[in-house]
Structures are given as structure tokens and as C-alpha cells.
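No value in this document is a laboratory result; all are computed from the given coordinates. Bear in mind that the values here come from a model prediction, so they are computed numbers and not experimental data. Glycine gets a Cβ as well: all are built from the backbone with ideal geometry, and neighbour counts include every protein chain shown.
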């Protein structure tokens, strides 16, 4: 059902200010930076072993990430779980009493299909189901 931890989303106010910690202090490399207009964020992916860190910078004050930073400050935002057949996983979660933030998938960064579980159903952790469209990711 769950294949792996695909990535850990970290909310930051500014990629420009946050990235030096990851690149200069930790010695990690940025794999890609892209904007996800539908979520009003700019993301940077940093590979760490078998998983990635996804730094999320809001591009608008009304983005979900801007609201999360306003409410809780910068830091871990979500844990993304890599799955196959995301539509089936959503149905499975709902049948097991897990409330989803959306009933249908959305297109996230890198073209992945994503859907979030409500933290009220998961012990106050925001989990994202993530299905990659391309092999090897």
C-alpha cells in the first residue's frame, strides 16, 4: 500500500534565505526548483538518500503554506507517502475512517498526483499521498 516516504515538506518564508543551510552547511544539492501555481508555492527539492526534502515558499499571502507559516511558523509541514494507485488509496483511507482534505487528486510538484489526509484523522500529522507518474522517482 505505502511504498516509501517520498518527501518531507518544510515550510519556509524564503528559499533564498533557507537554501544555504541545506547546501552550504549540510552539503546537499538542490535537484530542482519549480513553481506550483495551483498551490501558490515555489518549491525546491533536495535529495537525501532515498527520500527528498521539499522546501515550500509561499508565492502569495493566501497560499496554504503562507497560512501555515502565519499560524505555526516555519518548519515541517507534511510527510508525503509514495503510493501506487492513489485513487484506490484514497478510497481505502476513507473506508478506514480517515478524513481526506480532498476526495480527488490534484497535480503537485513534479507532476505527481497528490491528496492530503486531514490531520484530525492522523494524530495531528499532515500526510500527503503521492503517486509519481514517471518510473524511477
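According to the Kirkwood relation over distinct C-alpha pairs, the hydrodynamic radius of the chain is 15.3 Å. Counted by neighbouring Cβ atoms within 10 Å, the residues 28, 81 run from fewest to most as 28, 81. Please check: in the Gaussian network model of the chain (C-alpha springs, under 10 Å), which one of 24, 87, 35 has the largest mean-square fluctuation. With Cα springs under 10 Å in the chain, the top fluctuation among 24, 87, 35 is at 24. Within the stretch 2-131, antiparallel bridges make up roughly 75 percent of the DSSP beta bridges whose residues both belong there.
Ranked by how many other Cβ atoms sit within 10 Å of their own Cβ, fewest first, the residues 100, 93, 117, 1 fall in the order 1, 100, 93, 117.
The angle separating the long axis of helix 86-95 from the principal Cα axis of greatest extent in the chain is about 60 degrees.
Comparing 90, 76, 98 in a Gaussian network model of the chain where C-alpha atoms under 10 Å apart are linked, the largest mean-square fluctuation is found at 98. Comparing mean-square fluctuations of 32, 115, 44 from a GNM of the chain with C-alpha springs under 10 Å, the top value falls on 32. Counting 0.36 nm for each residue step from residue 107 to residue 70 and taking away their Cα separation leaves a gain of 10.9 nm.
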